[in-house]
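Undergrad: Quick one: the structure is below, and I'll ask about it shortly.
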Amino acid sequence: MADWSEILVEIQNSGGNFDTVRRKHLKFLHKNTGRNVIAYYSGWLQKQGASNLGINDLDKNAFMTTIRGLDRKIGLDLLLHTPGGDIAATESIIDYLITMFDDIRVVVPQLAMSGGTMIACAANEILMGKHSSLGPIDPQFMTSYGHVAAHGVLEEFEQAYKEIKSDQNKVFVWQPIIAKYTPTLIGECKKAMNWAESIVRERLSDRMLSGIEDREERDKKVREIIKEIGDHSVSLSHTRHLSRKRCVEIGLTIGLLEDNQILQDAVLSVHHAMMHTLENTTAVKIVENHNELAYIQKAVIGNR
């Protein structure tokens, strides 16, 4: 494996040709697995505040570009590195991917959070290393005072209701807090939570856990997984990192990258090449396959 420093040296020796190095390692990964490879990488760790870092509807064009011409009979290895994003776009991308491929393996070289976890749960299998993490799928809302967890809003509202009902004087404590809520926020929070959970529930049942023939047992396992990754009162924070060990414990189908050293080396070489590109160029998102077809979104410079 070429580690972080070795990939950087390789890029420097190529004359700073990030594309050449990245594509070389994508091709090697494909040759190793015999499967299609698409890497979906966001630069949210390098370029915080840039636009389009999260999963959004532009990404559908990226997947259409990178899937075109692939032999879909040999399955897909999808390398995911994302903070998550729009739930509608995430659902649309999941629907598109499972229509195009019967066999999808999501590979998480580092982080696939929120919507990324939802995509991973729609795969047949998730490959993770000791360094890999998924994240909670509880929806977030942008308010005038920042991002808030939908489940957290509902918990807070229910607590306010109970306290005010038992002690009317508590209304003066809760009034400035509840006043920040928009008229439809509570209802939208409930809908968003149900929406996210329904997407994951359906895909886990139809794909990852479809081998469990007993329907009641399968449904029980799905509920247990959703409780762990979808309930804010369990995960405690939307940014919580769920380790590979934890993902195995809650019942997700997890393959271990360390079980195949050549595969792990190939995956991490792609990962380092992607991260160097995002760190040292204007790219904010890269979606690229092993055939050198890429859809690269760049940061907007200045006020344009």
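The values are calculated or read from the model by the stated rules, or taken from the named source; none is laboratory data. These numbers come from a predicted model, not from an experiment. Quick reminder, even Gly has a Cβ in these numbers, built from the backbone with ideal geometry, and neighbours come from all protein chains shown. Side chains included, ligands, DNA and RNA excluded: accessible areas come from the protein's heavy atoms. Shrake-Rupley method; radii C 1.70, N 1.55, O 1.52, S 1.80 Å.
Undergrad: Give the relative contact order (percent, whole number) for the chain; include only Cα pairs under 8 Å separated by 6+ residues.
TA: 28 percent.
Undergrad: What residues from the range 253-290 fall in the zone where the backbone N is under 11 Å from a label point 7 Å along the Cα-to-C-beta line of GLU6?
TA: 265-266, 269
Undergrad: If I model a spin label as a point 7 Å beyond the Cα along the Cα-Cβ vector, how far apart are those points for GLN168 and GLN261 in nm?
TA: 7.5
Undergrad: What's the local net charge at GLY115, with K and R +1, D and E -1, over the other residues with C-beta under 14 Å away?
TA: -4
Undergrad: Separate question: If you place +1 on the Cβ of every Lys and Arg, -1 on the Cβ of every Asp and Glu, and leave all else neutral, what size is the dipole of the range 1-158 about its Cα centre, to the nearest 20 Debye?
TA: Dipole of the range 1-158, to the nearest 20 debye: 900 debye.
Undergrad: Given R₀ = 22 Å, what would the calculated FRET efficiency be for VAL248 paired with ILE212, taking r from the Cβ atoms and rounding to 0.05?
TA: With R0 = 22 Å, the Cβ-Cβ based efficiency is 0.85.
Undergrad: Taking 45 Å as R0, compute the FRET efficiency from the Cβ-Cβ separation of ALA179 and ASN13 and round it to 0.05.
TA: E between ALA179 and ASN13, to the nearest 0.05, is 0.15.
Undergrad: Report the antiparallel proportion of the DSSP beta bridges in the range 1-118 as a percent, rounded to a multiple of 5.
TA: Roughly 0 percent of the beta bridges in the range 1-118 run antiparallel, per DSSP.
Undergrad: Ignoring any ligand, DNA or RNA, what whole percent of the accessible area of the chain comes from carbon and sulfur when the probe is 1.4 angstrom?
TA: Whole-percent figure for carbon plus sulfur exposure: 51.
Undergrad: Skipping prolines and chain starts, which residues have an amide H placed within reach, meaning under 5 Å, of the one on GLY85, given they are 5 or more residues away or on another chain?
TA: Sorted by chain and number, the residues that satisfy this are ILE55, GLY115, GLY116.
Undergrad: Considering only the chain, what is the antiparallel percent among its DSSP beta bridges, to the nearest 5?
TA: The answer is about 45 percent antiparallel.
Undergrad: While we're looking at this one, here's another question. With Cβ to Cβ distances under 11 Å as the rule, what net charge do the other residues near ILE11 carry (K, R +1; D, E -1)?
TA: Net local charge, ILE11 excluded: -2.
Undergrad: What's the local net charge at HIS151, with K and R +1, D and E -1, over the other residues with C-beta under 10 Å away?
TA: So the surrounding residues net to -3.
Undergrad: Please list, in order along the range 262-278, the HN-Hα scalar couplings obtained from phi with the Karplus expression 6.51 cos²θ - 1.76 cosθ + 1.60 (θ = phi - 60°), rounded to whole Hz, x for Gly and Pro.
TA: 5, 5, 4, 4, 5, 5, 6, 5, 4, 4, 5, 5, 5, 5, 5, 4, 5
Undergrad: Name the trypsin sites (Lys or Arg not before Pro) in the range 124-228 that are in a loop by DSSP and that have at most 15 other C-beta atoms within 10 Å, would you?
TA: Sparse-neighbourhood loop trypsin sites (Lys or Arg not before Pro): LYS130, LYS180.
Undergrad: Sticking with this one: Testing the spin-label approximation: label points 7 Å from Cα along Cα→Cβ at ILE186 and LYS73. State their distance in nm.
TA: Modelled inter-label distance: 5.7 nm.
Undergrad: Would you be so kind as to identify which of THR184, THR20, ILE98 lies farthest towards the positive end of the dipole of the chain, taking Lys and Arg as +1 and Asp and Glu as -1 on Cβ and the Cα centre as origin?
TA: So the residue furthest toward the plus end is THR20.
Undergrad: Antiparallel as a % of all DSSP beta bridges within the range 62-175, to the nearest 5?
TA: If we restrict to bridges inside the range 62-175, about 25 percent are antiparallel.
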